[in-house]
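This is the structure, below, for whatever I ask next.
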Amino acid sequence: MAQLTCEQCGKIFNAKPSRHRRYCSRACHSKAKLLALPERFWAKADKSGDCWLWTGYTQPNGYGRAANGYHQSVLAHRLAYQLTYGPIPKRMLVCHNCDVRNCVRPEHLFLGSSTDNNRDASRKRHTASGEQHWNAKLTDAQVMALRERYRCGERASALARAFGISRSSVSLLIHRKTRIYT
């Protein structure tokens with residue numbers, strides 16, 4: 001046994017000499033890890049470009065994951081936000097201005113609700129729409145043909161039967177409430 005000095009609190013304690021034994025307790029070890037978290041986190045960010053790309057573990061969907069110091073894995077961009085700006089309010093998301101999933105640059109991150117995030121994705125056309133949407137019944141060409149037939153005088157109820165959709169769906173399509181880009 002040797003007398004060692006805790007690197008966190010400075011307390012002298014007895015332990016077998018070891019290069020791994022630097023703290024007097026688990027509490028001091030945890031506290032030291034939390035204090036070192038920013039340095040460890042930012043060391044895994046490639047800051048060479050406009051976006052700071054996470055070089056640590058990345059999930060299959062492209063988002064980075066990082067240890068938060070409490071033996072938990074969290075999304076890297078959320079931890080970057082917390083380290084820079086502080087706690088994230090409940091039910092708030094950390095969204096990207098740059099739309100790069102593994103970007104951790106704080107200037108590219110902003111808080112938003114789920115609704116804000118969905119609106120942002122829709123505005124930037126990151127969501128499936130038109131015939132690419134999972135629930136689409138008509139192709140874009142069929143929608144244009146339906147609108148043309150309506151302009152030529154065909155009734156909406158006849159178009160609904162011809163295309164195999166409801167009368168209300170025809171109404172939404174001809175009044176451009178859905179698929180407004182075609």
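Can you name the residue in the stretch 110-126 that is among the hydroxyl-bearing types (Ser, Thr, Tyr) and either in a helix (DSSP H, G or I) or not assigned by TED's automatic domain parsing to the domain that holds Gly56 (or both) and, of all such residues, is nearest to Ala66 (Cα to Cα)?
The qualifying residue nearest to Ala66 (Cα to Cα) is Ser114.
Would you please list the contacts, defined by Cβ atoms under 9 Å and residues six or more apart or on different chains, that run from a residue in the stretch 129-152 that is free of Cβ contacts under 8 Å to residues at least 60 places away in the same chain to a residue that is among the hydrophobic types (A, V, I, L, M, F, W, C) and loosely packed, with under 12 Cβ neighbours inside 10 Å?
Partner pairs satisfying both residue conditions: Glu131/Ala141; Trp134/Ala128; Ala136/Ala128.
Is it the case that the stretch 63-72 has a residue that's farther than 25 Å from Gly86 by Cβ and surrounded by 13 or more Cβ atoms within 10 Å (Cβ to Cβ)?
Taking every residue of the stretch 63-72 in turn, none turns out to be farther than 25 Å from Gly86 by Cβ and surrounded by 13 or more Cβ atoms within 10 Å (Cβ to Cβ).
Can you tell me how many residues within the stretch 3-43 are touching a Gly at 6+ places or on another chain (Cβ under 8 Å) and crowded, with 16+ Cβ neighbours inside 10 Å?
So the count comes out to 2.
Would you point out the residue of the stretch 138-180, among those that are touching a Lys or Arg at 6+ places or on another chain (Cβ under 9 Å) and in a loop (DSSP other than H, G, I, E, B), that is farthest from Arg123 (Cα to Cα)?
Selected residue: Gly164.
Taking Leu53 as the residue in question, decide whether it is surrounded by 14 or more Cβ atoms within 10 Å (Cβ to Cβ) and under 17 Å from Ser73 (Cβ atoms).
no
Another question, then. If I ask for residues that are touching a strand residue (DSSP E or B) at 6+ places or on another chain (Cβ under 7 Å) and over 21 Å from Lys33 (Cβ atoms), which ones from the stretch 52-76 would you list?
Trp52, Leu53, Thr58, Gln59, Tyr63
Against the definition (in a loop (DSSP other than H, G, I, E, B), farther than 30 Å from Asn117 by Cβ, touching a helix residue (DSSP H, G or I) at 6+ places or on another chain (Cβ under 8 Å) and not assigned by TED's automatic domain parsing to the domain that holds Pro106), how does Cys24 come out, yes or no?
Criteria not met by Cys24.
Within the stretch 36-109, considering only strands (runs of 3 or more DSSP E) that don't extend past its boundaries, which have at least 1 residues that are over 25 Å from Arg123 (Cβ atoms)?
65-67, 73-75
The values are calculated or read from the model by the stated rules, or taken from the named source; none is laboratory data. Treat the numbers as computed from the prediction; the structure is a model and nothing was measured. Note that each Cβ is placed from the backbone with ideal geometry, even for glycine, and that neighbours are counted across all protein chains shown.
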